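The values are calculated or read from the model by the stated rules, or taken from the named source; none is laboratory data. Given the structure is predicted, the values throughout are model-derived calculations rather than measurements. Please note: Cβ atoms are built from the backbone with ideal geometry, for glycine as well, and neighbour counts cover all protein chains shown.
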Ligand SMILES: Nc1nc2c(ncn2[C@@H]2O[C@H](COP(=O)(O)OP(=O)(O)O)[C@@H](O)[C@H]2O)c(=O)[nH]1
Ligand SMILES: [Mg+2]
């Protein structure tokens, strides 16, 4: 247990990060509302809660420039979801995503937390999970991590992925 005085212990705060357009908000709206909502770029951040097994999961969907140097958003976090747009080519965007993940994992508030990488847009994907593992160099990171192919439109695929995160947050 991390030193989080004042946090509700039954609630797990999860930060949901990844490049703009990777599908963070679509995934959360499907999870929480079970609806395919028409998306607009997120300004600031969304906060959504979901009852999952015996846990309340509090998702912080942190958009765009909010992802860098926003230490206070990460305080008391128990788990990380990093959303990759697997329909991207290995090009400048994936390079940016890799830098984004490295910067995120360097944040002292997030040290050692379980990391769930969702290879999103499985319905139209180009990158395999093995390619993402290699390109993001996941085998070299210190956090316990797991990668799952999901589609934000397929709620069950996201729930399955979250099962891993919930199990590992409770360790
Ligand atoms: N085909 C497909 N499109 C998706 C998926 N997830 C998100 N999108 C689309 O990708 C775009 C960006 O999604 P959004 O949730 O706004 O991305 P965010 O910036 O990471 O929050 C939207 O047009 C979504 O409908 C998916 O799993 N499959
Ligand atoms: Mg968004």
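The figures follow:
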| quantity | calculated |
| --- | --- |
| Some residue of region 101-117 being more than 22 Å from residue 162 (Cβ to Cβ), modelled with pLDDT under 95 and surrounded by fewer than 12 Cβ atoms within 10 Å (Cβ to Cβ) | yes |
| Cβ pairs under 6 Å, 6+ apart, first in region 149-171 and more than 20 Å from residue 87 (Cβ to Cβ), second surrounded by fewer than 18 Cβ atoms within 10 Å (Cβ to Cβ) and modelled with pLDDT of 95 or more | 164/146; 168/144 |
| Enumeration of residues in region 27-47 that are within 11 Å of ligand 2 (Cβ to nearest atom) and under 24 Å from residue 76 (Cα atoms) | 27, 28, 29, 42, 43, 44, 45, 46 |
| Residue, farthest from ligand 1 (Cβ to nearest atom), within region 38-60, restricted to residues that are at pLDDT below 90 and surrounded by 13 or more Cβ atoms within 10 Å (Cβ to Cβ) | 55 |
